[in-house]
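Q: There's a structure below that I have some questions on.
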Amino acid sequence: MRDIYNLTYEKFSDYLFSIGEKRSKADILFPAFYRDNITDFKEASVKDSLSLLLKKEFYFGEITCIDKKCSDSADKYLFKLKDGNLAETVLMKHEYGNNICVSTQVGCNMGCAFCRSGRLKKVRNLETAEMVEQLLYVTKESGRKIDGIAIMGIGEPLDNYESVADFIDIAMYQKGFDIGLKHITLSTCGIVPKIYELSESRNPVNLAVSLHAPNDELRDRLMPINRKYPLSPLFEAIRHYSSSRNRRITLEYVMLKGINDSKEHAKQLADLIGDSKCYVNIIRYNSSEEDSFECSDFDTIMAFYDVLKKNKIGVTMRRELGASINGACGQLRADYMNK
Ligand code: SAH
């Protein structure tokens, strides 16, 4: 038996063809899965013999929600997967729409010094179906239309590229979730060859790069991936992506007190960006008692912001959605495991 939510429209059409059906049956079935949310093939308007056959071959997902924390601005879901592993999802409720932050792996191997997700080493990649189900469940449970997806929950999406690409395909399917390319953002710590692969792919979504340091010496310490792909090749890839997509790239920069937050760092960051088409998203560090890092003070953040502005770099500051419900990566899972 296979999970139906693992199959893109293309793959499902191929399957139908392989069993002697018309590919176009997918035009009936796919909207039934993703618009009408059927969970039994009998409910689809196809002949009984086909629905019986499908029932023998496929099932409709198997993640269960085991915890949910809500606040005015964000809801956080904890899911148990079929093998007992856990995955987290956050629904961010902005005035301008609902965005979902999807996890892509159980644990993470990138080892960023300040990130709680990485405390648990990668156990396995999430399947496409498990990402699709995060989206399905949150849509149903919240009763809201999801307007955008941030692929920036737990895990490194470019370390699970194929399954993430198929998930994007399904999220974009027009008679289903119908989420446009411009409303999907993938965040990576900077796996350079995969950034090129994404730029050539069928769905080159918006790219966000977790930068967090403006020089190799510091970035090597904070983010081990930098030792493999340092800033110079990373920025070549970023330039390539923005010119091939003709869109600006987001550079995420989490403010770590006394580590990466001086005016000097801001100037280095401005020089590093130069004329590349990027803007900086300044993120407040969300710390917990177990963390050795702290968030920079408000004044320090503002001074950092000013230097970037004076150097004509585009800057935004992420609102602190989710902080009140431990929205930062890996926290709900960690709380649950501590219980
Ligand atoms: N692996 C991907 C996506 C997951 S992390 C990546 O590295 O981009 C999503 C973002 O949250 C990254 O920018 C990450 O550096 C940041 N982050 C991790 N821990 C954080 C914390 N405690 N507070 C604020 N941001 C954090």
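Q: Check whether at least one residue in region 296-306 is in contact with a helix residue (DSSP H, G or I) (Cβ under 6 Å, 6 or more places away or on another chain) and of a type in the set (Phe, Trp, Tyr), and report yes or no.
A: Yes, region 296-306 has at least one match.
Q: If you take the residues in region 159-183 that are buried (at least 21 other Cβ atoms within 10 Å of the Cβ) and among the hydrophobic types (A, V, I, L, M, F, W, C), which one is nearest to the ligand (Cβ to nearest atom)?
A: Among them, the one singled out is Val164.
Q: Got a number for residues in region 30-63 being assigned to a helix (DSSP H, G or I) and more than 27 Å from the chain's Cα centre (by Cα)?
A: 13
Q: Next up: Consider only pairs whose beta carbons are under 6 Å apart and that are at least six residues apart or on different chains; among these, list those whose first residue lies in region 244-261 and is of a type in the set (Asp, Glu) and whose second residue is more than 10 Å from the ligand (Cβ to nearest atom) and part of a loop (DSSP other than H, G, I, E, B).
A: Going by the 6 Å Cβ cut-off, the qualifying pairs are Asp261/Ser296.
Q: Okay, next question. Filtering region 64-95 down to residues that are hydroxyl-bearing (Ser, Thr, Tyr) and either modelled with pLDDT of 95 or more or assigned to a strand (DSSP E or B) (or both), which residue is farthest from the chain's Cα centre (by Cα)?
A: Going through the qualifying residues, I end up with Thr64.
Q: Another question, then. Filter the helices (runs of 4 or more DSSP H) completely within region 220-310 down to those with at least 2 residues that are away from the ligand (no atom under 16 Å from the Cβ). Break it down into steps so the answer makes sense when it comes.
A: Numbers: elements: 225-228, 231-245, 263-273, 298-310.
So the answer is 231-245, 263-273, 298-310.
Q: Let me ask something else about it. Could you tell me which residue of region 201-219 is surrounded by the fewest Cβ atoms within 10 Å (Cβ to Cβ), considering only residues that are in contact (Cβ under 8 Å) with a residue 40 or more places away in the chain and outside any loop (DSSP other than H, G, I, E, B)?
A: Looking at the filtered set, the residue picked out is Leu218.
Q: Does Lys310 satisfy the criteria of being over 25 Å from Cys70 (Cα atoms) and either modelled with pLDDT under 95 or out of contact with any Ser or Thr (no Cβ under 6 Å at 6 or more places or on another chain) (or both)? Working first, answer last.
A: Working: over 25 Å from Cys70 (Cα atoms): yes; either modelled with pLDDT under 95 or out of contact with any Ser or Thr (no Cβ under 6 Å at 6 or more places or on another chain) (or both): yes.
In short, yes.
Q: As an exercise: evaluate Pro193 against (1) closer than 24 Å to Pro214 by Cβ; (2) assigned to a loop (DSSP other than H, G, I, E, B) and give the number of the one condition it does not meet.
A: If we test Pro193 against (1) closer than 24 Å to Pro214 by Cβ; (2) assigned to a loop (DSSP other than H, G, I, E, B), just (2) comes out false.
Q: So if I check each of Gly153, Gly148, which one is farther than 29 Å from Pro233 by Cα and either under 12 Å from the mean Cα position of the chain (by Cα) or near the ligand (Cβ under 8 Å from one of its atoms) (or both)?
A: Going through Gly153, Gly148 in turn, just one is farther than 29 Å from Pro233 by Cα and either under 12 Å from the mean Cα position of the chain (by Cα) or near the ligand (Cβ under 8 Å from one of its atoms) (or both): Gly148.
Q: Mind checking which residues of region 1-38 are closer than 15 Å to Lys175 by Cβ and either β-branched (Val, Ile, Thr) or in contact with a Cys (Cβ under 7 Å, 6 or more places away or on another chain) (or both)?
A: The answer is Thr8, Ile28, Ile38.
Q: Residues of region 202-219 being within 13 Å of the ligand (Cβ to nearest atom) and not aliphatic (A, V, I, L, M), which ones?
A: Answer for region 202-219, where residues must be within 13 Å of the ligand (Cβ to nearest atom) and not aliphatic (A, V, I, L, M): Asn206, Ser210, His212, Arg219.
Q: Residues of region 99-115 being more than 8 Å from the ligand (Cβ to nearest atom), outside any strand (DSSP E or B) and more than 17 Å from Lys76 (Cβ to Cβ), which ones?
A: Gly107, Asn109, Gly111, Ala113, listed by residue number.
Q: Could you go through region 137-150 and let me know if any residue there is assigned to a strand (DSSP E or B), in contact (Cβ under 8 Å) with a residue 40 or more places away in the chain and of a type in the set (A, V, I, L, M).
A: Yes, there is a match, as at least one residue in region 137-150 is assigned to a strand (DSSP E or B), in contact (Cβ under 8 Å) with a residue 40 or more places away in the chain and of a type in the set (A, V, I, L, M).
Q: Hey, could you check region 23-44 for residues that are farther than 24 Å from Lys145 by Cβ and either touching a helix residue (DSSP H, G or I) at 6+ places or on another chain (Cβ under 7 Å) or among the aliphatic types (A, V, I, L, M) (or both) and say which is surrounded by the most Cβ atoms within 10 Å (Cβ to Cβ)?
A: Ranking the qualifying residues of region 23-44, first place goes to Phe41.
Q: Could you please find all residues in region 119-133 being part of a helix (DSSP H, G or I), within 14 Å of the ligand (Cβ to nearest atom) and crowded, with 19+ Cβ neighbours inside 10 Å?
A: Met131, the sole residue that qualifies.
The values are calculated or read from the model by the stated rules, or taken from the named source; none is laboratory data. It should be emphasised that the depicted structure is a prediction, and the values quoted were computed from it without experimental measurement. Virtual Cβ from ideal backbone geometry, glycine too; neighbours counted across all protein chains shown.
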